[in-house]
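Note sheet for the following structure.
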Amino acid sequence: MNELLDHYATLTELKMETGLSFDNASKWAWTELGSEKGLQKIQTNYERSTKNQLIIRHLWILKSYFRWPTIILTLACALLVYQLSELMTNQIASIAFVIILFTPGLALLYTFMGWGIEHTNRQKLAWRYLSRYANLPVAIICTLDLFSDNLWAEYLIAYPIFMAFFCISFLLVSASLIQLARENFHYKSA
């Protein structure tokens, strides 16, 4: 917004140098910026650029957990979760499942408390992206209505490999959201 305002002011000053009054120079500058349609196009391109940048960076972060040497830590965590899931009772599995389910949202809350104080307009777009992905697990569970009975807990206990996969997936998403939230995004024109 500041860059756009600066550009508008510069165009107005250039028109005033040709002898136009401020009102006429301002109207010419507004027209040269494309009036409302031109400004909306600039805003749309800005938002699209930010969203594309976030998606690409988020995928890169997620893929980085499966590259050498980080994959060793990822596999070790998965093995630990698998071993723990074999030892759990139905009640403990239910509690662990709910905690793991909310980790992306908790990760976002943690990053918001630490780094969410000073938002630029671009960072607000990033937070919108982050909150959508952090709340996705809760939306899936509500849609599937898994809390209506304890069948899912019995299933997780019966198949610990599924629970390990599920848990490590949500933990990796949580870690990637924290890492993505700490980054600063700048406009890159298309």
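The values are calculated or read from the model by the stated rules, or taken from the named source; none is laboratory data. On a predicted model such as this, the values are computed, not experimentally measured, just so you know. Glycine also receives a Cβ, built like all others from the backbone with ideal geometry; neighbour counts cover every protein chain displayed. Please note that ligands, DNA and RNA were not included when accessible areas were found on the heavy atoms of the full protein model with its side chains. Shrake-Rupley method; radii C 1.70, N 1.55, O 1.52, S 1.80 Å.
Observations, loosely collected:
- Simple point charges give the picture: +1 on the Cβ of Lys and Arg, -1 on the Cβ of Asp and Glu, and for the range 1-103 a dipole about the Cα centre of about 500 debye.
- For the range 51-58, backbone phi angles converted through the Karplus equation (6.51, -1.76, 1.60; θ = phi - 60°) give residue-by-residue couplings of 4, 4, 4, 5, 4, 4, 5, 5 Hz, Gly and Pro being listed as x.
- Å² per residue, accessible surface of the range 4-91 at 1.4 Å: 73 Å²
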